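The values are calculated or read from the model by the stated rules, or taken from the named source; none is laboratory data. In this text, all values refer to a predicted model and were calculated from it rather than measured experimentally. Cβ: placed from backbone, ideal geometry, glycine included. Neighbour counts: every protein chain shown. With ligands, DNA and RNA removed, areas are computed over all heavy atoms of the protein, side chains included. Shrake-Rupley method; radii C 1.70, N 1.55, O 1.52, S 1.80 Å.
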Amino acid sequence: MRVFFSIITILFSLHTFGQVEEINPAENIKTITFKGDTPESQLPILRLGEYLVLEFDVLNGNEDDYYYEIKHYNYDWTPSVLVQSEYLQGFNEQRIRTWDNSFNTYQIYSHFTLTIPNEQTRAITKSGNYIITVYNEDDDIEFTRKFMVYEDIASVGVAIKRSRDVSDIKEKQSVDIAINSSILRFNNPLQTIKTVIIQNNNLRTAIKNVKPQYILGNELQYRYTKETSFYAGNEYLNFENKDIRGANIGVQFIELKELYNSYLYRNILRANRDYTYNPDINGNFLITALDTDNPKIGADYAQVHFTLELNKLSKGQTVHVYGNFNNYAVDNTTKLTYFDDESTYEGKLLLKQGFYSYKYVIKNKDGSIDENAINGNFWQTENNYKVLVYYRDLGARYDRIIGYGEGNSVDITN
């Protein structure tokens, strides 16, 4: 089985940079939170030496055994040539030893927690891209997740600008970058330096392989007109059902069946409306519940019902609920069904109590995703941007991440 896993991993890794390499879990595994020192779950980007926490629920309460494996990858998510002892101190392929069962909930589940470093896996010693694989006692893969580890040896300045292309000035935001280091001397930066620009922790839409535009001594500058610009989108929608027995933010009413059912207010097409500022957490989510001191095992699950007013799309197009809660996956579990009598797309998702930030996207017949056809694009939208700087010196064997920068469009300028 482990040989089969290795072949599958390599095949997935040969795809383009994005979410395609990751394997999403079956229906019995929910609420995968993957984070560093942030309260809500988001894309983990860690400084070398910082800890990482992976948590997930298994909806059976059987206390099954689960194991994890960590592997190092190149910039383009192909397997690196490093052997395990070169990037990991301690043991790999270990059982997850921290778990607890849910308490006083309608939905029975076991909650698993993995912290790295731990007694078995004592340290990650190299920067770069990583994938953690969680598999069961039969060696079947349950799911995989990406994370990145960086060295803080280069400063990365990030400034968010309105688009320099007049045709897109109302819809796009541009990311300007300045990279310099007092420790490293960049050799042939057009070949050795690579960057990844990530909007709202979503690797699916990341921009990669942009070369430095200006080289001023040991400072690299990126001030492109189109190459580093993103569609700005719109503020995410959100709801909160921390009080599972009563309506809260975004929840119209509650109904108790086998589980609690939270019916959200009906959403509408926003692409043809004016922009309205609405604070959000940019697609992330936070588990929280009023009636427990420990939401990890005390928060319950609810069937959350989504409704979107929208005329029927063309044949082959589908509407999906989209966010970090399902790792921005677009599949049958997030697809909404069209109802002619109401002219609405409707669906339900089984979600743990908490605050969720989400939006609706369209999947086209060719498999491409239109993230903003329903929500619209407005240059005023608040977005978070992260920039990772990769460096492979001449003759080096792997891609280091030597710097990390972050910016927010709240500070957008012309």
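I'm checking my understanding of the structure. Among residues of the range 319-358 that are among the charged types (D, E, K, R) and within 25 Å of K296 (Cα to Cα), which one is nearest to the chain's Cα centre (by Cα)? The residue in question is K352. Scanning the range 79-125 for residues that are over 23 Å from I244 (Cβ atoms) and of a type in the set (G, A, S) returns S80, S85, G90, A123.
Restricting the search to strands (runs of 3 or more DSSP E) fully inside the range 250-297 and requiring at least 1 residues that are under 23 Å from the mean Cα position of the chain (by Cα) gives 285-287. Of all residue pairs spaced 6 or more apart or on separate chains, those with beta-carbon atoms under 7 Å, a first member in the range 138-160 that is in contact (Cβ under 8 Å) with a residue 40 or more places away in the chain and a second member that is in a loop (DSSP other than H, G, I, E, B) and acidic (D, E) are T144/E22; R145/E22; K146/E22.
Residues satisfying the criterion are absent from the range 85-105 (criterion: basic (K, R), more than 21 Å from L286 (Cβ to Cβ) and in contact (Cβ under 8 Å) with a residue 40 or more places away in the chain).
Kindly indicate the residue of the range 108-146 that is over 17 Å from Y66 (Cα atoms), open to solvent by less than 10 Å² (accessible area, probe 1.4 Å) and of a type outside the set (S, T, Y) and also nearest to the chain's Cα centre (by Cα) among those meeting that condition.
It comes out as K146.
Pairing residues of the range 369-390 that are of a type in the set (K, R) with residues that are surrounded by fewer than 21 Cβ atoms within 10 Å (Cβ to Cβ), at Cβ distances under 6 Å and at least 6 apart in sequence or on separate chains, gives K386/E406. Scanning the range 83-107 for residues that are open to solvent by 80 Å² or more (accessible area, probe 1.4 Å) and touching a helix residue (DSSP H, G or I) at 6+ places or on another chain (Cβ under 6 Å) yields one hit, F103. When we screen T38, T78 for residues that are farther than 25 Å from S155 by Cβ, open to solvent by 10 Å² or more (accessible area, probe 1.4 Å) and at pLDDT below 95, the only hit is T78.
For the range 341-364, name all the residues that are assigned to a loop (DSSP other than H, G, I, E, B) and either at pLDDT below 95 or in contact with a Leu (Cβ under 6 Å, 6 or more places away or on another chain) (or both). Walk me through it before giving the result.
Quick first cut of the range 341-364, residues assigned to a loop (DSSP other than H, G, I, E, B) only: 341-343, 353, 364.
Those that are assigned to a loop (DSSP other than H, G, I, E, B) and either at pLDDT below 95 or in contact with a Leu (Cβ under 6 Å, 6 or more places away or on another chain) (or both): D341, E342.
Looking at this structure, is T413 closer than 30 Å to V166 by Cα, of a type in the set (S, T, Y) and open to solvent by 20 Å² or more (accessible area, probe 1.4 Å)? Yes: the conditions hold for T413.
Limited to the range 213-243, what total is found for residues that are in contact with a strand residue (DSSP E or B) (Cβ under 8 Å, 6 or more places away or on another chain) and of a type in the set (D, E)? Qualifying residue count for the region: 3.
In the condition set (1) within 18 Å of the chain's Cα centre (by Cα); (2) outside any strand (DSSP E or B), Y404 is compliant with all but (2).
The set of residues from the range 251-301 being of a type in the set (G, A, S) and surrounded by 15 or more Cβ atoms within 10 Å (Cβ to Cβ) comprises S262, G283, A289, G298, A299. Selection over the range 208-229 of residues that are in contact (Cβ under 8 Å) with a residue 24 or more places away in the chain, open to solvent by 10 Å² or more (accessible area, probe 1.4 Å) and either in a strand (DSSP E or B) or of a type in the set (S, T, N, Q) (or both) gives a count of 7. Of all the residues in the range 156-207, those that are closer than 15 Å to Y404 by Cβ, in a strand (DSSP E or B), more than 19 Å from the chain's Cα centre (by Cα) and not aliphatic (A, V, I, L, M) number 3.
Can N332 be described as surrounded by 22 or more Cβ atoms within 10 Å (Cβ to Cβ), of a type outside the set (A, V, I, L, M, F, W, C) and modelled with pLDDT under 95?
Criteria not met by N332.
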